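Visitor: I'd like to ask some things about the structure below.
Just so it is clear, none of the values below were taken in a lab; they were calculated from the coordinates. The structure displayed is predicted, hence computed values, not measured ones. Please note: Cβ atoms are built from the backbone with ideal geometry, for glycine as well, and neighbour counts cover all protein chains shown.
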Amino acid sequence: MVGAGTMGGGITMSFADFGFPVKLLDASPEVLAKGMQRIRDNYAVSVKRGSLAQEEMDKRLALIEPVETYEAIAECDVVIEAVFEQMPVKKEVFAKLDAVMKPGALLYSNTSALDIDEIANVTRRPEVVAGTHFFVPANVMKTFEVVNGARTSPATLAAAMKLGRDIGKVSAYAGNCDGFVANRSRIPFNLEQGLMVEEGALPEQVDKVMVDFGYPVGPFAVNDMSGLDISYDTRKRRAAADPNYRGLPITDRLVEMGRLGQKTGKGWYRYEKGDRTPIVDPEVHGVIKEVAGQMGIEQRTFSDEEILRRLLFSSVNEACKILEEGKALRASDIDVMWLNGFGFPRYRGGLMFWADGIGAREVYNQIAAWHQRYGARWRPSRLLQELAERGGLLRELKGRMAR
Ligand SMILES: NC(=O)c1ccc[n+]([C@@H]2O[C@H](COP(=O)([O-])OP(=O)(O)OC[C@H]3O[C@@H](n4cnc5c(N)ncnc54)[C@H](O)[C@@H]3O)[C@@H](O)[C@H]2O)c1
């Protein structure tokens with residue numbers, strides 16, 4: 001395991017939990033020691049809770065060996081890289097791996113969105129390079145996205161799929177594109193969530209609709225848990241690079257007011273000390289009104305059904321585009337990712353399975369109407385349009401051009 005941070009630690013635990021020995025490497029002895037301590041602390045929490053025996057914790061920790069040089073990992077069968085999400089750093093690591101790893105070793109990257117081909121191409125063995133995308137926390141979440149590069153060999157892909165299963169994950173194939181399949185299909189949901197609030201839907205209404213639908217927690221309460229500042233820097237960076245980038249000024253304003261979520265006691269909601277229950281905060285309503293007013297957006301009321309459909313149809317449309325481009329093999333893989341990675345209510349069957357309950361024709365008509373009203377971001381997928389015209393099930397859609 002290269003990188004002993006949040007993901008590297010969780011991935012290491014995933015393997016140790018299933019009896020695999022792991023060598024853990026980081027950039028400096030200090031960071032490595034911190035990473036090892038975090039792993040110990042995480043196991044200790046489980047022991048304290050009674051879900052893990054002390055003896056079992058000791059057994060798992062004994063499988064993890066911190067190491068300080070690349071030479072020390074040269075004989076490993078598989079390397080998973082989880083260093084900083086910066087292309088130059090990834091390239092440096094893969095060049096080093098290429099120099100030291102034994103022939104036949106498999107080289108996987110846990111990148112969230114970077115181009116696997118660019119990473120693979122710094123090595124002289126791009127056929128053994130693929131993406132293995134874990135979700136956070138890596139030792140808990142089941143989704144395991146296997147990302148296929150242009151030069152990845154079928155054997156490397158198959159080995160990654162099996163590796164996921166060997167550590168109790170649910171492996172699913174993804175093509176190499178920005179955000180891969182799971183996150184890419186989820187991004188439109190996040191955007192609509194922000195935009196509906198500008199138009200007058202309140203965070204507590206959106207959250208209630210989604211909890212009634214079956215999610216354990218609503219999306220705004222989830223934002224408060226992970227911290228509103230997480231995506232703040234990304235938005236600023238994207239806005240600087242692209243003048244057409246659609247930012248989220250209300251979220252940005254909350255961050256600038258120091259409302260970062262649970263960690264500061266205030267975010268989309270407010271929190272009493274020592275209590276994680278979200279409390280509706282009129283101050284947030286004021287911010288929403290003020291920012292929307294500055295943007296010249298008129299506030300209106302939303303029905304619960306409109307909220308649900310705005311969030312989920314945007315992702316259904318993106319999922320169809322992913323299939324259209326051959327970046328996923330089949331619609332049911334996307335459902336599997338949503339069920340195991342995003343807390344989608346299991347009894348709804350998955351995003352595409354759920355949408356079949358409404359029917360492709362109605363989904364398409366609504367998306368086409370929103371395309372007229374809201375513009376380019378709602379451009380209907382061609383595949384969805386064809387399905388609506390000929391009739392058929394979204395959940396049975398197959399990826400095009402997939403190799
Ligand atoms: N955090 C998430 O939610 C999440 C989810 C999925 C994927 N990822 C991806 O996982 C990767 C790691 O993310 P993270 O959240 O664990 O980051 P992190 O900052 O917690 O950890 C990165 C670790 O890499 C180490 N590192 C940096 N350069 C190195 C080098 N040259 N050699 C060895 N070690 C080096 C750092 O010291 C640090 O310990 C990123 O590519 C990220 O996009 C993150």
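Visitor: Looking only at segment 312-335, count how many residues are crowded, with 23+ Cβ neighbours inside 10 Å, in a helix (DSSP H, G or I) and not acidic (Asp, Glu).
Guide: Of the residues in that region, 12 qualify.
Visitor: Within segment 33-42, work out how many residues are of a type in the set (A, V, I, L, M, F, W, C) and crowded, with 18+ Cβ neighbours inside 10 Å.
Guide: Of the residues in that region, 2 qualify.
To keep it simple, each residue is scored yes or no on (1) among the small types (Gly, Ala, Ser); (2) in contact with a helix residue (DSSP H, G or I) (Cβ under 6 Å, 6 or more places away or on another chain); (3) under 17 Å from GLU306 (Cα atoms).
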{"site": "ALA328", "(1), (2), (3)": "yes, yes, no"}
{"site": "ILE334", "(1), (2), (3)": "no, yes, no"}
{"site": "TRP354", "(1), (2), (3)": "no, yes, yes"}
{"site": "GLY359", "(1), (2), (3)": "yes, no, yes"}
{"site": "HIS371", "(1), (2), (3)": "no, yes, yes"}
{"site": "ARG379", "(1), (2), (3)": "no, yes, no"}
{"site": "GLU386", "(1), (2), (3)": "no, no, no"}
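Visitor: For the structure I just gave you, tell me whether THR111 is without any contact (Cβ under 8 Å) to a residue 40 or more places away in the chain and within 18 Å of GLY341 (Cβ to Cβ).
Guide: yes
Visitor: Which residue pairs have Cβ atoms closer than 6 Å, lie 6 or more positions apart in sequence or on different chains, and pair a first residue in segment 6-20 that is more than 13 Å from LYS142 (Cα to Cα) with a second residue that is part of a loop (DSSP other than H, G, I, E, B) and within 15 Å of the ligand (Cβ to nearest atom)?
Guide: If the second residue must be part of a loop (DSSP other than H, G, I, E, B) and within 15 Å of the ligand (Cβ to nearest atom), the pairs left are MET7/ALA82; MET7/ASN110; MET7/ALA138; GLY8/MET1; GLY8/ALA82; THR12/MET1; MET13/ASN139.
Visitor: Just to verify a result, which residue in segment 1-29, among those that are assigned to a loop (DSSP other than H, G, I, E, B) and either near the ligand (Cβ under 6 Å from one of its atoms) or under 19 Å from the mean Cα position of the chain (by Cα) (or both), is surrounded by the most Cβ atoms within 10 Å (Cβ to Cβ)?
Guide: By that ranking, first place goes to ALA4.
Visitor: Pick out the one residue from ALA130, ALA72 that is in contact with a Leu (Cβ under 8 Å, 6 or more places away or on another chain), closer than 30 Å to ILE187 by Cα and small (Gly, Ala, Ser).
Guide: ALA130
Visitor: I would also like to ask the following. What number of residues within segment 62-80 satisfy the criterion of being more than 16 Å from the ligand (Cβ to nearest atom), assigned to a helix (DSSP H, G or I) and surrounded by 15 or more Cβ atoms within 10 Å (Cβ to Cβ)?
Guide: 0
Visitor: Next question, about the same structure. For segment 90-133, give me the residue count where each residue is within 13 Å of the ligand (Cβ to nearest atom), assigned to a helix (DSSP H, G or I) and crowded, with 20+ Cβ neighbours inside 10 Å.
Guide: Going through segment 90-133 one residue at a time, the tally reaches 6.
Visitor: Of everything in segment 40-61, what is in a helix (DSSP H, G or I) and polar (S, T, N, Q)? Give them in sequence order.
Guide: Once the filter is applied, which keeps residues that are in a helix (DSSP H, G or I) and polar (S, T, N, Q), segment 40-61 yields ASN42, SER46, GLN54.
Here is a yes/no grid of residues against (1) within 22 Å of GLY175 (Cα to Cα); (2) polar (S, T, N, Q):
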residue: LYS90; (1), (2): yes, no
residue: VAL93; (1), (2): no, no
residue: VAL100; (1), (2): no, no
residue: PRO103; (1), (2): no, no
residue: SER112; (1), (2): yes, yes
residue: ARG124; (1), (2): yes, no
residue: VAL129; (1), (2): yes, no
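Visitor: For ASP281, indicate whether it is of a type outside the set (Val, Ile, Thr) and under 15 Å from ASP224 (Cα atoms). Let's see the steps before the verdict.
Guide: Details: of a type outside the set (Val, Ile, Thr): yes; under 15 Å from ASP224 (Cα atoms): yes.
Criteria met by ASP281.
Visitor: Then there's this: It is to be established whether one or more residues within segment 39-47 are within 10 Å of the ligand (Cβ to nearest atom) and of a type outside the set (Phe, Trp, Tyr). Show your work before the answer.
Guide: Let us first name the residues in segment 39-47 that are within 10 Å of the ligand (Cβ to nearest atom), namely none.
No; the residues of segment 39-47 include none that is within 10 Å of the ligand (Cβ to nearest atom) and of a type outside the set (Phe, Trp, Tyr).
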